[in-house]
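Just below is one structure, and these are the notes that go with it.
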Amino acid sequence: MNLNCRERAGVTIVRLSDRATSLALDVAAKDLIARGRRRLVLDLAGISSLSDGDMGDLVSGLAAVDRAGGRMKLLHAAGGVRSLLDQTGLSRVFEIYDDEDTAVRSFAPATDPSADNPHSEVFIG
């Protein structure tokens, strides 16, 4: 399994899909943090629903990124996913964006001008 990750203006954009497991997200987040990627956007466009475990993993990921001195935001949380985030109060915990440009601009300017790498992927065995 792989989670598609790419860099844009020093921000790592992680595209999730319904096929991504909680374990894959956890491993990917730890790997990205270990590689110094602390400005993360999780693109939920490929997610049709969230389980209780998925929501817990999102919160755990947010806490891990926060502990590492970074920030994690959500992108394209629509329909039932957005409704569930609203109902559980998680929409007040996460910054949620409807378009990628705004999500990327919401971070402070990158310190590494060579941070754009559209070919970066995280592979999970």
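Okay, here's what the table says:
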read-out	value
Added length on full extension, which subtracts the Cα-Cα distance from 0.36 nm per residue, Ala78 to Arg6	23.8 nm
Net +/- balance of residues flanking Ser51 in space, Cβ distance below 11 Å, scoring K and R +1, D and E -1	-4
In order through region 72-89: 3J(HN,Hα) via Karplus (6.51 cos²θ - 1.76 cosθ + 1.60), integer Hz, x for Gly, Pro	10, 10, 10, 10, 6, 8, 10, x, x, 5, 5, 4, 5, 4, 5, 4, 8, x
Note, ³J(HN,Hα) from phi for region 90-100, Karplus 6.51, -1.76, 1.60, rounded to Hz, x at Gly and Pro	5, 5, 8, 8, 9, 7, 10, 10, 9, 9, 5
For Ala68, residues with placed amide H under 5 Å, excluding near neighbours	none
Nonlocal amide H pairs with Gly10, under 5 Å, H built at 1.01 Å	Ala115, Asp116
Long-range HN-HN contacts of Lys73 with modeled amide H, under 5 Å	Leu40, Val41, Leu42
Cα gyration tensor category, rounded, prolate or oblate, for region 1-93 with a/c compared to 1.5	prolate
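Read the figures in this text as sums done on the coordinates, not as results from a lab. Note that the structure is a prediction, hence the values are computed from the model and not measured. Virtual Cβ from ideal backbone geometry, glycine too; neighbours counted across all protein chains shown.
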